[in-house]
Amino acid sequence: MKLHKRAALIAFLLAIPFVVAGLSAWFEGRAHYYEGPYGVEASQFAFMVFSLGSPLTLIVLKFHLYSGRFLQMTDDWWAMPLVVLLFIVQWVGWSQLLVLFARTIVSRTNRKNKSPSYS
């Protein structure tokens, strides 16, 4: 299957506001050292926003399940860009699945609507 460029571009453009909101919350949490009401709430909001890119973003966001420790401030240099990249890739992937699903539906309805020719 070829990449549907228009759907990929639309998915990319729709993902940008979520990335900006998630990153700004992540930076806000980082500014408060992920402690206190502002730091914890901002960190949780960033987690919720980037969870919309699951299952790919959960590879990084659920880091504690397979590493034995939670993400720390020293991990932000690799975790932030990786989560953003995985978020955008996941949204583009979803757009391609939607295009494939729509093409399948259209082709099946066109096949059923064609009347046989008796000439």
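Considering every residue within the stretch 40-60, establish whether at least one is in contact with a Phe, Trp or Tyr (Cβ under 7 Å, 6 or more places away or on another chain), of a type in the set (Gly, Ala, Ser) and farther than 30 Å from residue 8 by Cα.
Looking through the stretch 40-60, none of the residues is in contact with a Phe, Trp or Tyr (Cβ under 7 Å, 6 or more places away or on another chain), of a type in the set (Gly, Ala, Ser) and farther than 30 Å from residue 8 by Cα.
Would you point out the residue of the stretch 66-119, among those that are out of contact with any Phe, Trp or Tyr (no Cβ under 7 Å at 6 or more places or on another chain) and of a type in the set (Val, Ile, Thr), that is farthest from residue 29 (Cα to Cα)?
Selected residue: 109.
Would you tally the residues in the stretch 3-44 being in contact (Cβ under 8 Å) with a residue 24 or more places away in the chain, over 13 Å from residue 80 (Cβ atoms) and not in a loop (DSSP other than H, G, I, E, B)? Walk me through it before giving the result.
First pass over the stretch 3-44, keeping only residues in contact (Cβ under 8 Å) with a residue 24 or more places away in the chain: 3-4, 7-8, 10-12, 14-15, 18-19, 21-23, 25-26, 30, 33-34.
From the residues that got through so far, the ones that are over 13 Å from residue 80 (Cβ atoms) too are 3-4, 7-8, 10-12, 14-15, 18, 21, 33-34.
Filter once more, keeping what is not in a loop (DSSP other than H, G, I, E, B): 7-8, 10-12, 14-15, 18, 21.
Here the count works out to 9.
Please work out if residue 94 is among the hydrophobic types (A, V, I, L, M, F, W, C), within 18 Å of the chain's Cα centre (by Cα) and assigned to a helix (DSSP H, G or I). Give the steps one after another, and end with the answer.
Working: among the hydrophobic types (A, V, I, L, M, F, W, C): yes; within 18 Å of the chain's Cα centre (by Cα): yes; assigned to a helix (DSSP H, G or I): yes.
So residue 94 fits the description; yes.
Looking at the stretch 91-113, I want the residues that are under 16 Å from residue 7 (Cα atoms) and in contact (Cβ under 8 Å) with a residue 24 or more places away in the chain and have a partner that is of a type in the set (Phe, Trp, Tyr) and assigned to a helix (DSSP H, G or I) with Cβ atoms under 9 Å, at least 6 apart or on another chain. Which pairs are those?
91/12; 91/18; 92/12; 95/12
Quick one: in the stretch 66-77, of everything that is surrounded by 13 or more Cβ atoms within 10 Å (Cβ to Cβ) and in a helix (DSSP H, G or I), which residue is farthest from the chain's Cα centre (by Cα)? Outline the logic, then answer.
The first filter runs over the stretch 66-77 and keeps only residues surrounded by 13 or more Cβ atoms within 10 Å (Cβ to Cβ), leaving 71, 75-76.
Subsequent filtering for residues that are in a helix (DSSP H, G or I) retains 75-76.
Details: 75: 20, 76: 18 Å.
Only one residue fits best here, namely 75.
Return the residues of the stretch 48-65 that are of a type outside the set (A, V, I, L, M, F, W, C) and either loosely packed, with under 15 Cβ neighbours inside 10 Å or within 23 Å of residue 31 (Cα to Cα) (or both); say none if nothing qualifies.
Across the stretch 48-65, the qualifying residues are 51, 54, 55, 57, 62, 64.
Each reported figure results from applying straightforward, stated rules to the coordinates on display, with no laboratory input. As the structure is a computational prediction, the values presented were derived from the model and not from experiment. Don't worry about glycine lacking a Cβ; one is built from the backbone with ideal geometry, like all the others, and counts go over all protein chains shown.
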